[in-house]
Amino acid sequence: DTAVSQTPKYLVTQMGNDKSIKCEQNLGHDTMYWYKQDSKKFLKIMFSYNNKELIINETVPNRFSPKSPDKAHLNLHINSLELGDSAVYFCASSQGAAAPTRQYFGPGTRLTVT
Amino acid sequence: KQEVTQIPAALSVPEGENLVLNCSFTDSAIYNLQWFRQDPGKGLTSLLLIQSSQREQTSGRLNASLDKSSGRSTLYIAASQPGDSATYLCAPGLQGAQKLVFGQGTRLTINP
């Protein structure tokens, strides 16, 4: 009965490759997010989707392309991976888009680019 | 641009002590503020959400206070236990958007 799940948990790949991370939530929420936590543990929002519509895009390189096939899923595809993309990526969900509400996080995907 | 600072960056105390974690933010125009806990290698767990109109919010041994005008929040942990060891992050929520800005966190270690 996991609330927010992500796959894979670990991802090791070489520079230049393309990879995807998947996220699913079973909380019935209508808003989903991708966050990046770098090596210094700073957690920053990348994207937010509400009812499959992009509502926040924090000037992330266009090599990163989120896709939301439905309200319960938000995937992240990364093209031409670079060393600086190494980080832990967290998916989260919440209800509503007009104001901040309690957010529920997935366990994270540790991406290592070599 | 909202900036969030958490002090101290790390804290180590013996079991049973009461302790206070501090969070400050530069833009007081917030909708609410959340405190999260992050265990090593895990995701974040929301502990408390305090609305901008509230002064305090309590959950068990945890108490969060908010002074919006001065841009400060504190998380008080009573009778600390080894299981409280984790990184604690505060995140003000911006008005008009589902957006949180996170501090760098306070890494807390409770020694048995």
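The values are calculated or read from the model by the stated rules, or taken from the named source; none is laboratory data. All values derive from a computational prediction rather than experimental measurement. Glycine also receives a Cβ, built like all others from the backbone with ideal geometry; neighbour counts cover every protein chain displayed. Heavy atoms of the whole protein, side chains included, go into the accessibility calculation; ligands, DNA and RNA do not. Shrake-Rupley method; radii C 1.70, N 1.55, O 1.52, S 1.80 Å.
Side notes on the structure shown:
- Counting Lys and Arg as +1 and Asp and Glu as -1 over every other residue whose Cβ lies under 12 Å from the Cβ of residue B:68, the net charge comes to 0.
- A 1.4 Å probe, protein heavy atoms only, puts the accessible area of residue A:59 near 130 Å².
- Each Lys or Arg adds one and each Asp or Glu subtracts one; over the other residues with Cβ under 11 Å from the Cβ of residue A:25, this totals -2.
- Two-site label geometry, residue A:3 and residue B:79: point separation in nm, points 7 Å out along Cα→Cβ: 2.5 nm
- Here residue B:39 and residue A:53 are evaluated by their C-beta separation; at R0 = 25 Å the FRET efficiency comes out at 0.15.
- Rounded to the nearest 10 Å², the accessible area of residue A:54 at probe 1.4 Å: 70 Å²
- Spatially proximal aspartates and glutamates relative to residue B:68 (Cα-Cα < 18 Å; intrachain offsets below 8 disregarded): B:3, B:27, B:56
- Calculated diffusion of chain B, Stokes-Einstein form, Kirkwood radius summed over Cα pairs, 25 °C and 0.890 mPa s, µm²/s: 176 µm²/s
- Label separation (residue A:13 vs residue B:109): 3.6 nm, computed from points 7 Å beyond Cα along the C-beta direction.
- Pairs beyond 19 Å (Cα-Cα), from A:9/A:71; A:19/A:71; A:44/B:42; A:44/B:1; A:9/B:42: A:9/A:71; A:19/A:71
- Buried accessible area, chains A and B (both chains, 1.4 Å probe, Å² to nearest 100): 1900 Å²
- Buried on assembly, region B:69-112 (at least 40 Å² less accessible surface than by itself, 1.4 Å probe): B:98, B:99, B:100, B:102, B:104
- Sorted largest first, the principal axis extents computed over the alpha-carbon atoms of chain A equal 38, 30, 28 Å.
- Multiplying each eigenvalue of the alpha-carbon gyration tensor of region A:67-112 by 5 and taking the square root yields semi-axes of 24, 13, 9 Å, largest first, rounded to whole angstroms.
- Here the protein assembly as shown has an Rg and Dmax of 17.5, 51 Å, counting Cα atoms alone.
- Rounded accessible area of residue A:86 (nearest 10 Å², 1.4 Å probe): 40 Å²
- Overall, the accessible surface of region B:1-87 at a probe of 1.4 angstrom is composed of carbon and sulfur to the extent of 47 percent.
- Chain-alone versus full-assembly comparison, region B:27-64, residues with accessible loss of at least 50 Å² (1.4 Å probe): B:44
- Taking every protein chain into account, the accessible area of region B:28-105 amounts to 40 square angstrom per residue (probe 1.4 Å).
- Share of carbon and sulfur in the accessible area of region A:11-64 stands at 45%, probe radius 1.4 Å.
- With a Förster radius of 25 Å applied to the beta-carbon distance between residue A:114 and residue A:41, the computed FRET efficiency rounds to 0.70.
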